1. Just a yes or no: is a residue in segment 38-51 in contact with a helix residue (DSSP H, G or I) (Cβ under 7 Å, 6 or more places away or on another chain), among the β-branched types (V, I, T), part of a helix (DSSP H, G or I) and under 17 Å from L128 (Cβ atoms)?
2. Which residue, of A111, A76, is crowded, with 17+ Cβ neighbours inside 10 Å and either of a type in the set (K, R) or under 22 Å from Q40 (Cβ atoms) (or both)?
3. Tell me, which residue of segment 84-114 that is outside any helix (DSSP H, G or I) and hydrophobic (A, V, I, L, M, F, W, C) is modelled with the highest pLDDT?
4. Just to be sure before I move on: is G117 among the small types (G, A, S), in a helix (DSSP H, G or I) and within 15 Å of the ligand (Cβ to nearest atom) in the structure I sent?
5. Taking the residues in segment 33-53 that are hydroxyl-bearing (S, T, Y) and more than 13 Å from the chain's Cα centre (by Cα) as candidates, determine which candidate is farthest from H109 (Cα to Cα).
6. Name the residues in segment 11-37 that are surrounded by 13 or more Cβ atoms within 10 Å (Cβ to Cβ), assigned to a helix (DSSP H, G or I) and free of Cβ contacts under 8 Å to residues at least 24 places away in the same chain, would you?
7. What number of residues within segment 51-84 satisfy the criterion of being within 11 Å of the ligand (Cβ to nearest atom) and in contact (Cβ under 8 Å) with a residue 60 or more places away in the chain?
8. Just give me the residues in segment 49-66 being polar (S, T, N, Q) and at pLDDT below 95, in sequence order.
Amino acid sequence: MAPQPDANINSVLWSKTIECKHTKEAVPVLNPRLTTKLLQLNRPKLRTVVGMITGHCPLNKHLSILGITDSPLCRACMETEETPIHVMLQCNGVAEQRAAHLGSSATLHEALRDLGGLLSFWSELGWLE
Ligand SMILES: [Zn+2]
């Protein structure tokens, strides 16, 4: 089946967007399959996943931008900014939980392939509640 004309226009617009750096790293190209999976989540789970995609979530980097916390540093390692990418892909302080729930994803895009693993990872950490 050929793509819908609107889908092509949206794909071109998304590929040309230079803003939304965090979201573009998570979703480099429009992904109807991901959209379908997201629309099947309940509201709290959808909030968590969208926060991971956009970076707009109650992690210290975003909270410091909003003026809610003084430090943007990661609460587990205190070495760098606490962002979804750092916590889900890089932080040594949560390596055990990451290995158990997320496997060895190298990119945020890869981590989004297993929404169940992503949600159980954040649920175990309890940082977003
Ligand atoms: Zn860390």
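1. yes
2. A111
3. Per the stated criteria, the residue is C91.
4. no
5. Filtering segment 33-53 for residues that are hydroxyl-bearing (S, T, Y) and more than 13 Å from the chain's Cα centre (by Cα), the one farthest from H109 (Cα to Cα) comes out as T36.
6. Result: S11, W14, K24.
7. 2
8. T54, the sole residue that qualifies.
The values are calculated or read from the model by the stated rules, or taken from the named source; none is laboratory data. Please read these numbers as outputs of a predicted model, since none were measured by experiment. Note that each Cβ is placed from the backbone with ideal geometry, even for glycine, and that neighbours are counted across all protein chains shown.
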